[in-house]
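The next block holds one structure in the form of structure tokens; read it before the comments.
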Amino acid sequence: MFTGLVEAVATVTAVEFAGGGARLSVAVRWPEVDGPTRLGDSIAVNGACLTAIAIAAAESAETLTFDLSHETLARTTFAHATAGQRVNVERALLVGDRLGGHIVTGHVTGSVIWSARPPIQLAGTWSTVFLRICSQKLCKKAVFVSTACR
């Protein structure tokens, strides 16, 4: 489980597509070190829950590697990932951690297209955004009104 709050911004170091899937590697500097990432840890990358299959540590950074299935590529934007791209990352919650956001699974049901963001800022901290849902199946599961703080 995750809070949905971005813990760090990582950089994609490699993406290798093969056999209908992909292998993704990202370099990350965690803001607070609660111990190193371990093999099998769940990491939310751009909101999708991925499992660390390899870890290389160097000074204050880690390079984490994940295998992406065909299903993951079909339901996320990872099919378009490129080296040098920046991605949001969050480590999974531990029992007893403070919840500063929401409880989310990171299991992606589908993707949407960002269709518009009016230039009007409401109360200085809120914006309205419009998203286009690409499938009728996803429409049945969508939350149509939501808020998030930046």
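FYI, it's all coordinate maths here, none of it is from the lab. Given the structure is predicted, the values throughout are model-derived calculations rather than measurements. Heads up, the Cβs are rebuilt from the backbone with ideal geometry, glycines too, and the neighbour counts pull from every protein chain shown.
List every residue whose amide H lies under 5 Å from the amide H of residue 85, counting only residues 5 or more places away in sequence or on a different chain, with H placed 1.01 Å from N in the peptide plane.
Under 5 Å from the amide H of residue 85 lie the amide H atoms of 12, each far enough along the sequence or on another chain.
Taking the Cβ-Cβ separation of residue 71 and residue 34 as r and a Förster radius of 35 Å, what is the calculated FRET efficiency to the nearest 0.05?
The value I calculate is 0.70.
So what are the ³J(HN,Hα) numbers for the stretch 14-23, from phi and the Karplus equation (6.51, -1.76, 1.60; θ = phi - 60°), rounded to whole Hz, Gly and Pro as x?
7, 9, 10, 9, 6, x, x, x, 7, 10
Once you have the Cα-Cα distance between residue 95 and residue 9, take 0.36 nm times their residue separation minus that, and quote the gain in nm to one decimal.
28.6 nm
From the mean inverse distance of alpha carbon pairs (Kirkwood) and the Cα radius of gyration, derive Rg over Rh for the stretch 19-79.
0.99
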